[in-house]
Protein chains: 6
Amino acid sequence: MSDERYERGLKKLKEIDGRAGERAIEGLRDIAPDLARYTIEFPFGDIYSRPGLDLKSREIATVAALTALGNAVPQLKVHINGALNVGCTREEIIEVILQMAVYAGFPAALNGMFAAKDVFRERDEK
Amino acid sequence: MSDERYERGLKKLKEIDGRAGERAIEGLRDIAPDLARYTIEFPFGDIYSRPGLDLKSREIATVAALTALGNAVPQLKVHINGALNVGCTREEIIEVILQMAVYAGFPAALNGMFAAKDVFRERDEK
Amino acid sequence: MSDERYERGLKKLKEIDGRAGERAIEGLRDIAPDLARYTIEFPFGDIYSRPGLDLKSREIATVAALTALGNAVPQLKVHINGALNVGCTREEIIEVILQMAVYAGFPAALNGMFAAKDVFRERDEK
Amino acid sequence: MSDERYERGLKKLKEIDGRAGERAIEGLRDIAPDLARYTIEFPFGDIYSRPGLDLKSREIATVAALTALGNAVPQLKVHINGALNVGCTREEIIEVILQMAVYAGFPAALNGMFAAKDVFRERDEK
Amino acid sequence: MSDERYERGLKKLKEIDGRAGERAIEGLRDIAPDLARYTIEFPFGDIYSRPGLDLKSREIATVAALTALGNAVPQLKVHINGALNVGCTREEIIEVILQMAVYAGFPAALNGMFAAKDVFRERDEK
Amino acid sequence: MSDERYERGLKKLKEIDGRAGERAIEGLRDIAPDLARYTIEFPFGDIYSRPGLDLKSREIATVAALTALGNAVPQLKVHINGALNVGCTREEIIEVILQMAVYAGFPAALNGMFAAKDVFRERDEK
């Protein structure tokens, strides 16, 4: 049943994002609790829980896509954190973002890099 | 000198794309030979030749970004081929494209998947 | 369970798109059957099955978004058909697409309108 | 004459946006008064004044498109207000934004929802 | 009055695009005659008729934007023709498109260049 | 050699952006010094240093593209400054941004204009 997807998704979300992902979704609870639930069920309960691609590669794909799209900085930061949490090195993340200069242009890569800089600094301050 | 970047880029392009990448760039030779040259020098001579991220992860990032952007099907096909050439399995490519439903919507994922279907069929026919 | 979402989604997909939506998804069965299943479960089983917004308004929203994004013509055509199937008039669809000139520019509106022209002609020929 | 379009547009803008739309345009008066004028004449004097689609459906289309495009938060907020002013319920707006997860991805829907949350709170505080 | 904008726009459209622009718009006459009219009135009657920027610079701006957006190839071709008609050289157009590799990525620049190649060949064949 | 491209790029960057461009790139030095170097080498050392299109036209193309893409406000501001530095008038920049209403929609043009307003004010305050 749906609860199974939700439970699986919540566990996966915590594995990837720790508390940060949950906090992002909590902001939806009062206005759109169903979007909060779907965000746990579909991306995390269905997709990130699939076999066939390791979590590190999944986070590389997501950091690449969000850097290229360039219109979702908060989510990009969540997934830069997520990438670090599942085993990517800072150097690998920097390489992924840098590579986006080729596919989405230099401004997208620059803005992605400034997002990474913020995330790295926040983690260093803890 | 620049020739060094060009030679390194051409070698990397062949490693990743075999003949397909070269053919794509040949179409530029009569109209914009410098764009053909830059496409070898910067993406392949500079970026894909960098240490810090393995080629398989680089191709995962590129397939993700081009699926999400959704406006560059010919280049997406070149890089689905490239991903297979550097060691990604078909299953891994399918997972990357499928995951883009979360970040760029279902139409982007569907259209990326149809591009993969074309590439897989072309390879099977050879 | 998941089967319930799938059954509800399939029924909703048929209500909106008739055979056209199913055909589009059938093309995925051999390469990515899970994406086919998700496309029925999440958009149609979860979202279009929700109360709170009538189907006609849902299709207006989708035609608007796909016209504005401009990179998913096959899906736009499916939903122009869907909009007609759930009670939108041709005039209403034309108005939605025309309005996108304001938000996404004239090329997006022109290309959306040519998609509508194709759909209307195909329906007239039947 | 042009004055007629301007007068019709200004009236329509006030009907939809109340004072908020006017204020947004006032910020243009010193730098680009003609863009301020065009913004009243074409979108509001020409498009929103057309018959063939009710204002509520027009605002649903605009909220959908701006959520999906994801790069125009100030304008999205103006039109979430506009949608409420012409008769959409909060629930309907939430449904439109939520649905964009399907067509433009979850980050676009999440960011649209946070814009709606801001607008609803501002209205509650008045 | 509106007729004045239309007449001015039609004259400007012919100056820029010759017969090609008119033909593009004729395809709209049966399905959305008002969009055909707006496309003449606002872009050509209002914007391209403005003083303050020469037509050659206006076409450079449009070729740049349509190459970068990457989702409007038919309109890009119309404006590559337009740029040539108002005095841009082929070399200048190639430079504008090539430069977009920096701002929108290499795929956008490559696809823009292939559009230019098509336009140049069509003109050579006449 | 590469140093030649870097030196040529740095000189061109200073010619176009004065100190502002350098400062933007300095923010990258600690996190991704190679992206800082590439940003000088490829856009400025390779592209802006090319003959075939004057710098004023190059900046018009860039302001147009960044306004249309709408997801890179910091870079748009750098290039509005750059356009002024290489000889564009404020009126010409306003015309370029205004024209983007046609190709990328009114929100993109409005947000571009507010960026220009910020830049003009900052320059007036000096």
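Laboratory data are not the source of any read-out in this text; all were calculated from the coordinates shown. Since this is a predicted model, take the numbers as computed values, not measurements. Positions of Cβ are generated from backbone atoms using ideal geometry, with glycine treated the same way; all protein chains shown enter the neighbour counts.
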Point to revise | Charge dipole (debye, nearest 20) of chain E; +1 at Cβ of Lys and Arg, -1 at Cβ of Asp and Glu | key: 100 debye
Review point. Summing +1 for each Lys or Arg and -1 for each Asp or Glu, what net charge is found among the other residues whose Cβ lies under 15 Å from the Cβ of E:Gly27?
Key: +1
**Study point:** Cβ nearest the rotation axis (F onto A), residue from chain F and distance to the nearest whole Å
**Key:** F:Asn71, 3
Practice item. May I ask you to report, in nm to one decimal and beginning with the shortest, the distances from D:Thr89 to the same position in the other copies, taking label points 7 Å along Cα-to-Cβ? Key: 2.6, 4.9, 5.6, 5.6, 6.5
Check your understanding: In whole Å, how far is the Cα centre of region C:16-63 from that of region E:81-126?
Key -> 39 Å
Point to revise | Cross-link partners of A:Lys117 among aspartates and glutamates (Cα-Cα below 19 Å; sequence separation of 8 or more within a chain) | key: A:Asp17, A:Glu59, A:Glu91, A:Glu92, A:Glu95, A:Glu125, F:Glu22, F:Glu26, F:Asp30, F:Asp34
Exercise for review: Please report the Cα spread of region E:61-115 along all three principal axes, rounded to whole Å, starting with the longest.
Suggested key: 27, 20, 18
Point to revise | Exam field: C:Tyr6 pseudo-label spacings to other copies (7 Å along Cα-Cβ), nanometres | key: 2.2, 5.6, 5.6, 5.8, 6.2
**Study point:** Average beta carbon contacts from partner chains per residue of E:13-23, 10 Å cutoff
**Key:** 0
Exercise for review: Please report, to one decimal in angstroms, the Kirkwood hydrodynamic radius of region A:8-126 built from all distinct Cα-Cα pairs.
Suggested key: 14.6 Å
Check your understanding: If you add up the charges near E:Gly87, with Lys and Arg at +1 and Asp and Glu at -1, over every other residue whose beta carbon is less than 10 angstrom from its beta carbon, what do you get?
Key -> -2
Practice item. First check a/c for the protein assembly as shown, with a ≥ b ≥ c the square roots of the eigenvalues of its C-alpha gyration tensor; if it is under 1.5, answer rounded, and if not, answer prolate when a/b is larger than b/c or oblate otherwise. Key: rounded
